[in-house]
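Below: one structure, written as structure tokens.
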2 protein chains.
Amino acid sequence: MEEKVRIIKGGLFDLPDKLSEEEVFEELFCGASFRVERIISSGQASPPGFWYDQEEDEWVALLQGEAELEFEDGAVQKLKKGDWAFLPASLRHRVAATSVDPPCIWLAIFGPPADGRNGR
Amino acid sequence: MEEKVRIIKGGLFDLPDKLSEEEVFEELFCGASFRVERIISSGQASPPGFWYDQEEDEWVALLQGEAELEFEDGAVQKLKKGDWAFLPASLRHRVAATSVDPPCIWLAIFGPPADGRNGR
């Protein structure tokens, strides 16, 4: 019989002593239906004119810090600690700003969109 | 053309003025491939002899507080703020203890297991 493997780890709120100049993307977990990433941002933003246009649905929470998400319709949404967003696949968006002190800790969940909703 | 609906909400770390005597389960989001729940515990534990035996994979993070998970093989795993666990479908487990001060804030992601892994 296959063993059910539990995984237990820590450090969601831990930061390195020296922050990177780049955003740091860490895959924490990848399972059958979703994967989990932690992202650390400290002042970075998406390049001007760059839009994320993802094949997966994303649910993302800001565990620490403040940030701004921008959408193609011009809307800018401020996020603070404890805010979360659902960004469906192919919803074009960019990170317009992230706080340095404290740095942003994002927890992002990605999974396939409903059949046919993406790539039309 | 279908509009891509973004959802932005807050309050992951907010607690009610008066905590319930029961654990509080809130579904924050339910999408095509995963759903997200917030759970607030403050001293509750699973009844003795009770085991969660879930049909879905669960990835759960402790955003605040301290807790203990118990497994059928007798292992007890202490969790503190920032720890997370992957609990595959049908892995029997129970919540052995949760802190009152501060209360536990859990963020749990649920999704279907790989085909054939569950229910054998």
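The values are calculated or read from the model by the stated rules, or taken from the named source; none is laboratory data. The structure displayed is predicted, hence computed values, not measured ones. Cβ placement follows ideal geometry from the backbone for every residue including glycine, while neighbour counts extend to all protein chains displayed.
Can you tell me which residues in region B:2-41 are assigned to a strand (DSSP E or B) and modelled with pLDDT under 95?
B:I7, B:I8
Could we say that A:F50 is facing another protein chain (nearest Cβ under 7 Å), in contact (Cβ under 8 Å) with a residue 24 or more places away in the chain and either buried (at least 17 other Cβ atoms within 10 Å of the Cβ) or over 30 Å from B:E56 (Cα atoms) (or both) here?
Values: facing another protein chain (nearest Cβ under 7 Å): no; in contact (Cβ under 8 Å) with a residue 24 or more places away in the chain: yes; either buried (at least 17 other Cβ atoms within 10 Å of the Cβ) or over 30 Å from B:E56 (Cα atoms) (or both): yes.
No.
Specify the residue that is farthest from the other protein chains (Cβ to nearest Cβ); the eligible residues are those in region B:1-19 that are surrounded by fewer than 11 Cβ atoms within 10 Å (Cβ to Cβ) and over 17 Å from the mean Cα position of the chain (by Cα). Full working, then the answer.
As a first pass, look at region B:1-19 and keep what is surrounded by fewer than 11 Cβ atoms within 10 Å (Cβ to Cβ): B:1-3, B:5, B:14, B:16-18.
Then keep just the ones that are over 17 Å from the mean Cα position of the chain (by Cα); that gives B:1-3, B:5, B:16-18.
Numbers: B:M1: 8, B:E2: 7, B:E3: 9, B:V5: 7, B:P16: 14, B:D17: 17, B:K18: 20 Å.
Checked region B:1-19; the qualifying residue farthest from the other protein chains (Cβ to nearest Cβ) is B:K18.
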Given (1) within 12 Å of chain B (Cβ to nearest Cβ); (2) touching a Pro at 6+ places or on another chain (Cβ under 7 Å), where does A:G111 come up short, assuming only one miss? (2)
Look through region B:29-47, keep the residues that are touching a residue at least 12 places away in the same chain (Cβ under 8 Å) and at the interface with chain A (Cβ under 10 Å from one of its Cβ atoms), and return whichever of them is nearest to A:L107 (Cα to Cα). B:V36
Counted residues in region A:68-119 being touching a residue at least 24 places away in the same chain (Cβ under 8 Å) and not in a loop (DSSP other than H, G, I, E, B) come to 21
What's the number of the condition A:P47 fails, among (1) assigned to a loop (DSSP other than H, G, I, E, B); (2) within 20 Å of B:F34 (Cα to Cα)? (2)
If you take the residues of region B:83-101 that are away from every other protein chain (no Cβ under 13 Å) and of a type in the set (G, A, S), which of them is farthest from A:A32 (Cα to Cα)? B:S99
